[in-house]
1. Please specify each residue of region 180-210 satisfying the condition of being under 23 Å from residue 11 (Cα atoms), more than 10 Å from the ligand (Cβ to nearest atom) and not small (Gly, Ala, Ser).
2. Tell me yes or no: at least one residue of region 98-113 is touching a Leu at 6+ places or on another chain (Cβ under 9 Å) and either open to solvent by 60 Å² or more (accessible area, probe 1.4 Å) or touching a residue at least 60 places away in the same chain (Cβ under 8 Å) (or both).
3. Can you report the number of residues in region 150-187 which are open to solvent by 20 Å² or more (accessible area, probe 1.4 Å) and without any contact (Cβ under 8 Å) to a residue 24 or more places away in the chain?
4. Return yes or no: is residue 26 under 27 Å from residue 171 (Cα atoms), touching a Pro at 6+ places or on another chain (Cβ under 9 Å) and touching a residue at least 24 places away in the same chain (Cβ under 8 Å)?
5. Filter region 188-208 for residues that are free of Cβ contacts under 8 Å to residues at least 12 places away in the same chain and in contact with a Gly (Cβ under 8 Å, 6 or more places away or on another chain) and give the result.
6. Does residue 44 meet the test of being charged (D, E, K, R), more than 14 Å from residue 225 (Cα to Cα), touching a Lys or Arg at 6+ places or on another chain (Cβ under 9 Å) and buried (at least 16 other Cβ atoms within 10 Å of the Cβ)?
7. Tally up the residues in region 1-29 that are crowded, with 16+ Cβ neighbours inside 10 Å and touching a Gly at 6+ places or on another chain (Cβ under 8 Å), please.
8. What are the residues in region 65-113 that are in contact with a Gly (Cβ under 7 Å, 6 or more places away or on another chain), near the ligand (Cβ under 10 Å from one of its atoms) and more than 21 Å from residue 197 (Cα to Cα), if any?
Amino acid sequence: MASFDLHGRVAIVTGGNGGIGLGMARGLAEVGASVVIAGRNADKNAEAVSKISASGGQAIAVDVDVVQASSCQAMVEATRSQYGGVDILINNAGINNRKQPEDYTLAEWQQVLDINLTGAFLCCQAVYPSMVERGGGKIINIGSMMSIFAASFTVAYAASKGGIVQMSKGLACAWAKDNIQVNAVLPGWIDTDLTRRGRREVDGLHEKVLARTPAARWGDPGDMAGIGVFLASPASDFVTGTAIPVDGGYSAQG
Ligand code: NDP
């Protein structure tokens, strides 16, 4: 019988203080994981920890800026000193900057790539020694429908999210020897701060998403909990290098 139990496991969720990250963090805490909410905004981090604690879960907050290697290392050190090590990493921190490609400054392009892709890589490097020490681990990288499709106004974001899938495959191959499984999750359209901004900036986005999604609704952050638990648990020990859409059928629609 496959086990989805995460008691005794320690999970870091970057950007775990809201939206999809918090939805996944809550799911992991519900099945017993000790969770580290890692984000830049200390007030949001503390609020997320309170929510998890209020429903009986175990969580702490750690400030991190994923673009700084030293900050990623400090996040892992704080986790080790509180919980003894790291078993699960969810690379969820991400931003978008919607504009036509000819209008990007180099700094704007780099910021999206740095946070969404390089930041995820730095966190993978930072947790690796602890996962090896504990005999294995689970890394879940958050991609997007923009890992598969693209749009005129999200070139940097699509490049970063396409990169997330390929990085996950490469790490899955490299770290299988260490019993570390690495997978990407590709959320469809989920109602969060990020997409609320998107709906203000892109005319008709709300209706287009509803029309194309077979489930005929936007996703809720709680819809991401199940895939998080599965990919973090022993139930997925033979699943690695995949990219799994969680999208109400959006990517299946012709
Ligand atoms: P949110 O804006 O709610 O979450 C983004 C999170 O990333 C915040 O918690 C933010 O923390 C954190 N973050 C951003 N920059 C950094 C940084 N430099 N260091 C540490 N944390 C950082 O949006 P979502 O929940 O929607 O997005 C979460 C992930 O899901 C992103 O990777 C996004 O691309 C992806 N995604 C979202 C979809 C959707 O429909 N919502 C669809 C597909 C993918 P803080 O506030 O503390 O800065």
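The values are calculated or read from the model by the stated rules, or taken from the named source; none is laboratory data. Fair warning: this is a prediction, and the values are worked out from it, not measured in the lab. Every residue, glycine as well, gets a Cβ built from its backbone with ideal geometry; the counts of neighbours run over all protein chains shown. Each accessible area value is taken on the protein alone, full model and side chains, heavy atoms only, with ligands, DNA and RNA left out. Shrake-Rupley method; radii C 1.70, N 1.55, O 1.52, S 1.80 Å.
1. Across region 180-210, the qualifying residues are 180, 181, 182, 183.
2. So far as region 98-113 goes, no, none of its residues is touching a Leu at 6+ places or on another chain (Cβ under 9 Å) and either open to solvent by 60 Å² or more (accessible area, probe 1.4 Å) or touching a residue at least 60 places away in the same chain (Cβ under 8 Å) (or both).
3. 7
4. Details: under 27 Å from residue 171 (Cα atoms): yes; touching a Pro at 6+ places or on another chain (Cβ under 9 Å): yes; touching a residue at least 24 places away in the same chain (Cβ under 8 Å): yes.
So residue 26 passes the test.
5. 205
6. Details: charged (D, E, K, R): yes; more than 14 Å from residue 225 (Cα to Cα): yes; touching a Lys or Arg at 6+ places or on another chain (Cβ under 9 Å): no; buried (at least 16 other Cβ atoms within 10 Å of the Cβ): yes.
Here the answer is no, as residue 44 does not meet what is asked.
7. Summing the residues that are crowded, with 16+ Cβ neighbours inside 10 Å and touching a Gly at 6+ places or on another chain (Cβ under 8 Å) in region 1-29 gives 18.
8. 66, 67, 90
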